[in-house]
């Protein structure tokens, strides 16, 4: 019996605990992985800082601008178009959030579920066409 | 007695509360946004601990992966005057605290009216239980109407977003692919039959 | 047995998990190192050059030399940068690039975590890579870095949607979010029963979006050296830069292995007959991944860089409508007797 098997031996558990235990067996390794990944990410930075030279001077530490002195602050106001892209991204991401559970139960929900999703997509395609015709997708 | 689930629950809750507090008191708005990301993460972890796998992952996908990206865009690219933002802090504080107190009171009422220690255990999971599948099945059979309403709300959001933020800039030189593709040889090249001069 | 006894069995599974994670991460980092060499060699030969050939036999130790060189380089932190976020950004880019591997199965049930919602997890975590880029661009407080970060972010989000829609198509046919089961659903015949054939548009769009998501040529305007020098990581040096590099190449391998799992039958041999079935499944998976990685490099050596408006047009105006339409087509096919072609 391997460790993972012993960990997820659900047959011995009270039914009410099964879901929680399954989450633990599935996501505790992810949590452990998170710490290992942080470690693997931070250690090279520390090593690099420790082993590399550190001879700062004002020219070296100035922001790179092809050899020119940097003029004005780099944190400038930006085209509002980027916000529009981000908002549209949120909306389409939500659509994906709806589509995932739908696709997984496609066989069980039958024709009714399919038609429901066609209506859903139809409504959103109207929005997409509006977006397109308004030129919100043009990048000038 | 503490077990692993409780330890994890308290750990994530502490991170969640700490991060949420930092969102309010952080000086730099970019830091505040990143703390909010951390708060969402801890909330997703708590969802997972409760067995709500789909909700936990969707929280990361939609809120952390999309909504907070928009927040970062806005916070980074707008010149937010910090001093002016902090000015109103004290005057809004009583109202904020009152709302927070109300929230705590409501939660306490739910907690105390439930028979202590007799909160019903969650229904047992069948052997091949799959959170996403269960949710999808309920959503696309019982809750079809709210689902279509969600589509309408998303449509309104798309149109509102475009109406609020779309600005046409004049004098830009953009490529019109449709026109380029529609071009015929006869529109561009005019062949003229020139007699070569014979000497 | 209740949760308390589970706790008695706590440390052994934790150790087991750590072991599994190391078995994935160490070869992955080595693969990243040698992918950089492969890239330089392959592009070298495509351009009728030799590529690196001085360090070790035929340049075989070049990645090691590069790593040591980067380790001994100074990590420059620009004076106007936000120190903490500047150093946190590479870690923010690197951690999601590692975490996505938790759900990847290397054989039947051979994954760090055999989660039910593997595909959803992968999509959610892969979307977090954008933070490293945005934070790097902002924390650097440099114009090129900021411009590159904004370009990269807008590009990533556009292609993430196309990717998500393509995955919905796979889900409709496979009926599960579990990556192992998605592979098992493609078993049966040989390469003709894999999903690349019935879901061909999704296969193409997923892979091309993957190229765009990893900011690789021809979609590399975010770091296009001839336009904005190196984009979001222009101010980075030494190990801080190396972490971005590691993340980018780990993501390339990830996109390739996920394409192999979702569309190219994972660990199944292309033909279900003896000479092919003798080779272990994991070797097939690695071979398919290596082929897709070669396609990555091939694309880079072949195509000139897209212009930014062209990239956005391809993402929003071509990929998204095509995927939505194909979801409807697949849905109709599944509701009619045509379903035998898909299942």
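The values are calculated or read from the model by the stated rules, or taken from the named source; none is laboratory data. What you see is a predicted model; the values in this text were computed from it and never measured. Neighbour counts are summed over all protein chains in view; Cβ atoms, including those assigned to glycine, are modelled from backbone coordinates with ideal geometry.
Tabulated values for the structure
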read-out	value
Selection count, segment C:191-235, where residues are assigned to a loop (DSSP other than H, G, I, E, B) and either more than 15 Å from residue C:264 (Cβ to Cβ) or at pLDDT below 80 (or both)	12
Which numbered condition residue C:201 fails, given (1) within 14 Å of another protein chain (Cβ to nearest Cβ); (2) surrounded by fewer than 21 Cβ atoms within 10 Å (Cβ to Cβ); (3) touching a helix residue (DSSP H, G or I) at 6+ places or on another chain (Cβ under 6 Å)	(1)
Flag for residue A:106 being buried (at least 20 other Cβ atoms within 10 Å of the Cβ), closer than 30 Å to residue C:117 by Cα, at the interface with chain C (Cβ under 7 Å from one of its Cβ atoms) and at pLDDT 85 or above	yes
Among (1) closer than 25 Å to residue C:148 by Cβ; (2) at pLDDT below 90; (3) assigned to a helix (DSSP H, G or I), the one test that residue A:37 misses	(2)
Residue selected from segment B:38-83 under the condition in contact (Cβ under 8 Å) with a residue 24 or more places away in the chain and within 7 Å of another protein chain (Cβ to nearest Cβ), by the criterion nearest to residue C:143 (Cα to Cα)	B:76
Boolean, residue C:100 is within 10 Å of chain B (Cβ to nearest Cβ) and either touching a strand residue (DSSP E or B) at 6+ places or on another chain (Cβ under 9 Å) or touching a residue at least 12 places away in the same chain (Cβ under 8 Å) (or both)	no
Filtered residues of segment A:126-140 (kept if surrounded by 17 or more Cβ atoms within 10 Å (Cβ to Cβ) and part of a helix (DSSP H, G or I))	A:127, A:128, A:131
Criterion violated by residue C:121 - all others in (1) at the interface with another protein chain (Cβ under 9 Å from one of its Cβ atoms); (2) buried (at least 24 other Cβ atoms within 10 Å of the Cβ); (3) touching a residue at least 24 places away in the same chain (Cβ under 8 Å); (4) farther than 24 Å from residue B:74 by Cα satisfied	(3)
Condition met for residue C:105 (assigned to a loop (DSSP other than H, G, I, E, B), at pLDDT 90 or above and surrounded by 23 or more Cβ atoms within 10 Å (Cβ to Cβ))	yes
Hits in segment C:53-64 (condition: surrounded by fewer than 17 Cβ atoms within 10 Å (Cβ to Cβ) and either within 25 Å of the chain's Cα centre (by Cα) or within 14 Å of chain A (Cβ to nearest Cβ) (or both))	C:60, C:61, C:64
Residue ranges of helices (runs of 4 or more DSSP H) in segment C:241-313 with at least 3 members under 28 Å from residue C:40 (Cα atoms)	C:281-302, C:308-313
